[in-house]
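Below is one structure, written out as structure tokens; comments come after it.
The values are calculated or read from the model by the stated rules, or taken from the named source; none is laboratory data. No experiment lies behind these values; they were computed from the predicted model shown. Cβ sites come from the backbone with ideal geometry, for glycine too, and all protein chains shown count toward neighbours. For accessibility, only protein heavy atoms count, side chains too; no ligands or nucleic acids. Shrake-Rupley method; radii C 1.70, N 1.55, O 1.52, S 1.80 Å.
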Amino acid sequence: VDIQNSCHVFTDLLNLFEYPSPSLDEAALEAEVNGNWTPQEKALHEARLKAKAKRRVRKSSSRSESLSESLSGELADGDSHSPKGKVPVPNDRKSRTGKGRGLPKKGGAGGKGVWGAAGMVYEVEEPDVKDPNYDEIAQGDTVYATVVPELDERELEKTVNPIVQEYFEHGDTKEVQMLLKELNLGHHKYEFSSLAVSLSLEGKASHRELTSRLLRDLVGKELSESDMARAFDKILKELPDLMLDTPEAPQMLGQFIARAIADHALPLAFLDRYKGKVDCDHARAALDRAAVLLSMKREMVRLDNVWGVGGGLRPVKHLVKEMNFLLKEYLVSGEVKEAERCLRDLEVPHFHHELVYEAVVMVLESKGDTAVKMMCKLLQAFWKIGLITVDQMNRGFQRVYDELPEINLDVPHAHSIMESFTDLCYQESVITKQLRDSCPSRGRKRFVSEGDGGLIKN
């Protein structure tokens, strides 16, 4: 207790020296020193001390605020243009370093994602020698170009096959030239010709005709005569392997060589290089075939018909003659497969109604039932494999129906034969019921007259 009292006395003495108190405080201090404290006086004295402490804190804070205001006023009077004398505004983007004239950055063209003001043209900047990325060699006339990697043998075959197969469908050589310009064949350029010829050997005669035209158009533009010669040299070496899939490959290759020489796609001395230097019998047969074809055509006239006239380009009379020969050969041999192969080789699916017409006319002009059964069997086979469509079948029979009166002049029993043949074809599911019912019937003689009383004549 004595220690606490002594501490309180010391604190009050300090306050009295720093902040002079009125006379009441002095009397209390004397009472405290003499030790004449009552409990009420002691509590009152502590309350007074707490109030003094609060007043002291308030005074010190007010003094610091007044000091800062005085300093700011002095700075403002000394330099009126300094931004430090201004009260800071929230979200103010102007510079506070005292530099600049207070204008917007980059003249108002420094927004996000903006390179400059509207209409501003930037000049070409000269490269800086001190730039660590400076390259003396690259500072010359630099040319930028798209580099296409060269195709290897595997990629070449995968790329060329779709191009050739698509060409067999549209027959446009300019499109093939455009596609080849986009490819970097490199030193494998000659292999395009060899792949095209190999694919055409497995195809139809029309495909081989298109391939010959393609080789003729590519020489001088995408390929040279030396490239074409290298291509045929490669095919001659691979001829034994090609014969496994196409036994007639030597004769076809000979026709390709003759056509290429006639079209000036191969040099004239191509055959002379192989005289007496060929060990393979198949290659010798191909070269002999080419020599024979070229000797038959004097003045080097183009061998345009070496593959025949393909598909719908053939004259109608020629197609009719070929179909008649096909049907006559079938009546003799009875081989449906051979007749199917011959019809497919003609490549005229839109003209198959002519085959149906010629077959029905042969049935009407034949004697006996052999031709009727054989023709019904042939039409049934073509119908089942889809070689002759229902439209072509109906069109062929309808043509016979329309010309039946004229045929009847040469064949008196044409109507009865036609009725029996249509019934047989309907039973074998070759024609529809509607087509059978539309078969014209000849008017029959009346066996009962009006005046006979319904009696049948003997």
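Things worth noting here:
This table checks each residue for (1) modelled with pLDDT of 85 or more; (2) assigned to a helix (DSSP H, G or I); (3) open to solvent by less than 40 Å² (accessible area, probe 1.4 Å); (4) within 17 Å of Ala249 (Cβ to Cβ).
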| site | (1), (2), (3), (4) |
| --- | --- |
| Ala269 | yes, yes, no, no |
| Gly276 | no, no, no, no |
| Ala286 | yes, yes, yes, yes |
| Ala290 | yes, yes, yes, yes |
| Ser295 | no, yes, no, no |
| Glu299 | no, yes, no, no |
| Leu303 | no, no, yes, no |
| Gly308 | no, no, yes, no |
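- Pick from the range 326-346, criterion of a type outside the set (Ser, Thr, Tyr) and surrounded by 18 or more Cβ atoms within 10 Å (Cβ to Cβ), ranking: nearest to Arg399 (Cα to Cα): Leu327
- Within the range 368-378, the set of residues being open to solvent by 30 Å² or more (accessible area, probe 1.4 Å) and either part of a helix (DSSP H, G or I) or in contact (Cβ under 8 Å) with a residue 12 or more places away in the chain (or both) comprises Thr370, Lys373, Met374, Lys377.
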